[in-house]
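Colleague: Pasting in a structure now, in C-alpha cells, and then I'll have a few things to ask.
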Amino acid sequence: MVVRDGVSFISRALNSIKDLADEIIVVDTGSYDGTMQIAREYGAAVYTYQWNYDFSQARNYALKQAKGKWVLFLEANEELGNDYHQLRPLLRVAENDGFYLPVIDLNFSEEIYLPRLTLRLFQRKEGIYFQGRVNEEVSQSILEKNENAKIKILQLPIIHQSLHGTGDDLDQELKPTDLYYLEVSEEIDLDKLKFFYLRNGINFFWEGKLTLALNELEKGLEEAKRKDQLAFLKNIILILLELKQYKRAEEMIQRGMTNFSFDLIFNFWQGFLHYKLRKHQQGIICLKNILSGRISPKIKVNTYLLLGLSCKELGRKEEARFYLEKAYRRLPDNRLILSNLIEVLPLEGGMEVLDYLAGKVSVDKQRLAFLLLKTYYQRQEYDEALKLLDYLAANQENQDEFLYWRGKILLHLREFKEAARVLKAVSPGFSRFREVLDLLWVTNLSMPSRVESKSIINQIKLAGDKLAWNIIKLFNEIYFYGRDVWIEFDNLVAKLRFYRRALYYLRLLVEYKDNKPVKIMLEIINKMNIKSMAGDLGRLFYRQHKWDQAYYYLQQSLKQGEILTELIYLADTCYHLGRYEESKAVYQKVARLDDYQYIANNKLE
C-alpha cells in the first residue's frame, strides 16, 4: 500500500486484509496525519519514501520490500469486499502469473457502474514491475517476461470509496468548492507541458479522483516557473481544503501569500481556514483586511459571507447581520446566506422576513418567497414554510410544484390524509413525479389500518424503476402480510445498488415516520450483510438527529477500524446525548489521528 494522509480510510483497508496477509507493507509518501501510527498498530512494516509524483516508482519501491510469493496491492481508501477465506488454498495451487480483480467505485452521490478490472494480485518475480506515472500498470512487464503468461479474472471484489462527494462533511453547508471553483486561468501563458498537468488535475478533480488531481497539480507546480505557479497553487489549496488536509493547506496558503502577495485569494483562503478551525477572531481580522484591496466580485461576496458567519459564531449578531446583508444584496438567490440571515434578523416569522428582504434589493417577490420556503423547510421550520406556501398559492403558476411542496410539509406536520390528497393531485408529467410516488407510499404506511396500495407500486413499475419496485414490493410483503423474505443477488454490484436504494427508503421512513416501518427496512438492510452497513446507518441516523440510533451504529462501525469522519460523528453524537466525558475521549482519538481535525470539530472547551 502506498499512502499519504490516509487516516480517513486506512483502518478499514488494513482491517480487511490483516487476517489474510503474512506481511503488510505500507509506504508513506509524506503524511501529516496519523497514517503511519495506525499502520504500525495493525502490524504493518512502514517505510518512508521521498515522493516524486510517480505512483509506479512508489509501488515498485513497495514491491522491493515484499518477501512473499504473491502480492496484493490496495489503496488506502479500498478494502476487500467479499469473503476471501478460500484465497490461500487457491493461490497454493494456482499456475497463474496474476489475477485481475474487479474494483467497484462506491460514490453515494452517483450510480454504481460495472466494476473495472485491475491487475492487483500477482506473483512476485524478478523483472516484474509497475510502469506509467499516473495510471500504473504491471501486466506489461509480466507479458514482456513471458508472452504466454496466464492472467485470469478472480471474483474477489475491491471496494473503492470515493474521496469526493460522499456527503460525509459535518459542515456540509460551507465547502470550499461552493465558494471558489477550479478553472484554467487565462491570465498566464502556460507552456504545453504545464498546461497538461493543470488540465489533467482539473479533469481528475471533476471525476472525483482527488488524489490523482492533487498529484498532477503538485507535479505541475514543481516544474512551473515562479510566475506560472499561481494557478497551480490556487487549485492545490482548494483540493487540500476539500480533503480537509488543513495542515498541508496552511503551508500552501503561506507559500502563496509570500510569493504572490498581490493576489488576495490566498488571504481569503487564510480567512476560510481560520473559520474552519474555529479561529473566528483571527479570521475576521484577516477577511476585513482584504476588503480594502482589489478582489473579484465573487471573492468579495464570499468574504462578506465568511465575515457574517464568523461574527454569528461569536454572538455578534448586529455585525453578522451587516455583512450577511451585504452578501445578500450581491447574491440574493443563495439559500446559505438566507438561512443565516434568518437567524440574525430581529423579525418574527417568514412573512416579515420576506417583506424586509424584498425591500433591500430589486427582486421578484414570488421568487424570493419560494427561496425562503425552501430555506425554512431545510431548517425544519415547517409552519413558517407552510405560511409562505399559502402566500404563494394565489399566484402559483406551476401547480404541480405547489402541490409537491404542500404534500412534503403536511407529511412533516403528520397530516397524512390531507398530504395523500394533495400528492395524488400531482400530474405524472411533473419532473419529480417519481419522488411524489415515494412520498405517497410513505403516506400510505402512515394511514391507520390502511391496506397496501397496489396503485402506487404499479405506477412505480410503469415508471420503469424496477429496483424501487422490488424493494417496495419486498417491504410490503413484510409490513402488510407478515411474510418472511429471502434476498438473493447475482453479483455484488446488483447487491450494492439494491442496498443503496434501500438506504434511500430508510432515510425517507426515518424522516417522516418511526417504529415499525423503520424496523422493517432495517431488517431488510441487515439481511444483505454489507460490510459498510453500520457506518452508513450511523451517518444516516446522525443526519436525521436520531442520536440513540446513531450512537449504536457508529459504535458498531468503529469496531471494524477507526475512521476519522465516523469518530467525529460519534463525538458530536455523544455531545448531543449529554455524554460529555465520552465525547471528550472520542475527540482525543480524533486528535491522535489529526490534530487539525480535532481543532476544527471539537465543540467542548
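A short reminder: the numbers here are calculations on the coordinates, not readings from a lab. Remember, it's a predicted structure, so these values are computed and weren't measured experimentally. Here Cβ is always computed from backbone atoms with ideal geometry, including for glycine, and neighbour counts include all displayed protein chains.
Colleague: For Trp441, Trp269, which order do you get if you count the other beta carbons within 10 Å of each Cβ and list the fewest first?
Modeller: Trp441, Trp269
Colleague: Additional query: How high is the relative contact order of the chain, in percent, counting Cα pairs under 8 Å that sit 6 or more residues apart?
Modeller: Relative contact order of the chain: 10 percent.
Colleague: Between Asn395 and Leu347, what FRET efficiency comes out of the Förster formula 1/(1 + (r/R0)^6) with R0 = 25 Å and r the beta carbon distance, rounded to 0.05?
Modeller: 0.65
Colleague: Would you mind getting me the FRET efficiency between Phe195 and Ser296? Use the beta-carbon distance for r and R0 = 22 Å, nearest 0.05.
Modeller: The value I calculate is 0.45.
Colleague: With runs of 4+ DSSP H residues as the only contributors, calculate the mean residue ellipticity of the chain at 222 nm using -39,500 (n - 2.57) per run, divided by the residue total and rounded to the nearest 500.
Modeller: It lands at -18000 deg cm²/dmol.
Colleague: Starting from the Cα of Glu144, step 7 Å along the direction of its Cβ; do the same at Tyr356; then give the gap between the two resulting points in nm.
Modeller: If labels sit at Glu144 and Tyr356, their model points lie 7.0 nm apart.
Colleague: Taking 0.36 nm per intervening residue step and subtracting the Cα-Cα distance, what contour gain separates Glu137 from Phe262 on full extension?
Modeller: Computed gain between Glu137 and Phe262 is 40.7 nm.
Colleague: Another question, if that's okay. Antiparallel versus total DSSP beta bridges in the chain: what percent is that, nearest 5?
Modeller: Percentage antiparallel, nearest 5: 50.
Colleague: Roughly how far apart, in whole Å, are the Cα centres of the stretch 264-304 and the stretch 401-422?
Modeller: Centre-to-centre (Cα) distance: 42 Å.
Colleague: Let me ask something additional. Sorted from fewest to most neighbouring beta carbons within 10 Å, what does the list His545, His576, His160 look like?
Modeller: Sorted ascending by nearby Cβ count, the order is His545, His576, His160.
Colleague: I'd like the trypsin sites (Lys or Arg not before Pro) in the stretch 1-92 restricted to DSSP loop residues with at most 10 other Cβ atoms within 10 Å, sorted by number.
Modeller: Here the sparse-neighbourhood loop sites are Lys67.
Colleague: So which lysines can Lys125 reach, going by Cα to Cα under 30 Å and dropping same-chain residues fewer than 8 places off?
Modeller: Lys125 reaches Lys18, Lys64, Lys67, Lys69, Lys145, Lys150, Lys152.
Colleague: Still on this structure, I have one more. Net charge within 11 Å of Tyr376 by Cβ-Cβ distance, Lys/Arg positive one each and Asp/Glu negative one each, not counting Tyr376 itself?
Modeller: Overall, the nearby charge balance is +1.
Colleague: Taking a spot 7 Å from the Cα of Arg379 along the direction of its beta carbon, which residues of the stretch 403-435 have an amide N less than 18 Å from it?
Modeller: The answer is 409, 413, whose backbone nitrogens lie closer than 18 Å to the label point.
Colleague: While we're on this one: In straight Cα distance, which lysines are under 22 Å from Lys516, not counting same-chain residues fewer than 8 positions off?
Modeller: Qualifying lysines at Cα under 22 Å: Lys408, Lys417, Lys454, Lys473, Lys527, Lys546.
Colleague: Between Asn289 and Arg367, what is the label-point separation in nm under the 7 Å Cα-to-beta-carbon projection?
Modeller: So the two model labels end up 3.8 nm from each other.
Colleague: Between Arg592 and Asp22, what is the FRET efficiency for a Förster distance of 35 Å, r being their Cβ-Cβ separation, to the nearest 0.05?
Modeller: 0.80
Colleague: Still on this structure: Would you order Tyr404, Tyr391, Tyr47, Tyr113 from fewest to most other beta-carbon atoms within 10 Å of each residue's own beta-carbon?
Modeller: In order of increasing Cβ crowding within 10 Å: Tyr113, Tyr47, Tyr391, Tyr404.
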